[in-house]
Structure formats: C-alpha cells, structure tokens
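Have a look at the structure below, then the notes.
The values are calculated or read from the model by the stated rules, or taken from the named source; none is laboratory data. All values derive from a computational prediction rather than experimental measurement. Here Cβ is always computed from backbone atoms with ideal geometry, including for glycine, and neighbour counts include all displayed protein chains. Just the protein is used for accessible areas: all its heavy atoms, side chains included, with ligands, DNA and RNA removed. Shrake-Rupley method; radii C 1.70, N 1.55, O 1.52, S 1.80 Å.
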Amino acid sequence: MMTYRLKVAGVERDLPLCPISERLMIAGFVLLGDTELTEACAEGICRLLPEHDVLITAEAKGIPLICAMARQLGEARYVVARKKPKLYMKDIIKCEVTSITTEGGQCLYLDGGDADLMRGKRVVIVDDVISTGQSLHALEELVKMSGGRIVAKAAVLAEGNATMRDDIRYLAPLPLFDNEGRPL
C-alpha cells in the first residue's frame, strides 16, 4: 500500500493513499482512535482561534477533535451537525452536502436546541480536513440559518486547492496525489 508521511502539530503519521478516481488519490487522514494526534491537533488549532462563544463540527471525524478542543479551552458545550436526524432532535434544521470522502449526497442535521445555542453568538466551524469545501459550506449554512455569526473556520489540514483559500485557518497542507502516488 502506498502511503504519505505527514507531520502535523509535531506528530508524524503514514497516511494510506486512497483512490477516488482512475487518476486521483487522497491521503486517508483519520483522527478517530488516535489520541496523541487528536490532542496535538486540538492544541494547535486552539492557538489559531479568535474570541468565540460556540464551536461546531460535522459528524463524525471532527467529533474527537472538537471534544478535545472544548476540553482544552474549558468550554462546557460544543455543537455537532448530525448525518441523520435522531429521535431526540426537535425543530431540526437541514442542509445538503456532497463530500469527496462520502459516496453519494448526504445531509447535515442540526437540533433546534443547538441552533438556539448559536443564535446571536460568535461561532467557530471546525473540521478535520477541508478539501472541496462542501462540508464546510453546509456547516456555514447551518450556522447562518441558526442566526450565529461565523468568526473563524479551522481545520487540521487543507487539501489540494483549499490551501489557496484565505478564509480558513489550518495547521498543515495536504496534497492530492496522482494514480502513482506522486503529489500534485
């Protein structure tokens, strides 16, 4: 298996290269289950953040990151946009999203109570990797529909063209790869 050596927040990992088309591969960056990497990345992102009231992420890979960030910042709550509505959710807000790491279209759902928590507040959107920006856009829409004010968009990695965006804060770039594993 081809891999890419990534160093981020002082931690090194070999990421598997995963084909997403006949000519393009991405490096599989997964925080889930990696406490050392998650804690280091959370600390690094926390240093990039402006004053804020609420953190939000999308289910699922951003959850350990945002949890570690909230703990390190001493924040009692954070918001998670879910991939499916749950029985306990009321007054649900919905936004469609297309992601390169998830097959087919999907939606993100926000509980009305979480929307109330963001209303009139300074909100930071957190993600593990920003690539096409589709998940980020869906989170932005959910925050806007909730009446929150986005003060920052932050991620561990910016992949491909996302590195050229000036509206996101990130710890390290992540290249895309050709079908032979060469960075593009």
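Observations, loosely collected:
- The distance between label points at Leu184 and Arg71 comes to 3.7 nm (points 7 Å beyond Cα on the Cα→Cβ vector).
- Across Glu36, Glu51, Glu22, Glu75, the residue with the most accessible area heads the list, and the full order at a 1.4 Å probe is Glu22, Glu51, Glu36, Glu75.
- Relative contact order for the chain: 22 percent, from Cα pairs under 8 Å spaced at least 6 residues apart, divided by residue count.
- When the surface is traced with a 1.4 Å probe over the full set of protein chains, Lys84 keeps roughly 130 Å² accessible.
- The modelled label-to-label distance for the pair Leu49/Met1, using points 7 Å beyond Cα in the direction of Cβ, is 3.2 nm.
- For Leu24 and Met89, a Förster radius of 25 Å and the Cβ-Cβ distance give a FRET efficiency of 0.10, rounded to the nearest 0.05.
- Full extension of the chain between Asp166 and His137 yields a length gain of 9.0 nm, computed as 0.36 nm times the residue separation minus the alpha carbon distance.
- Accessible surface ranking that places the most exposed of Ser135, Ser21 first, with a 1.4 angstrom probe: Ser21, Ser135
- Solvent exposure ordering (accessible area, 1.4 Å, most first) of Met164, Met69: Met164, Met69
- Expressed as a whole percent, the accessible surface of region 1-46 that belongs to carbon and sulfur atoms is 50, based on a 1.4 Å probe.
- Accessible area of Arg182 (1.4 Å probe, protein heavy atoms only, ligands and nucleic acids ignored): about 120 Å².
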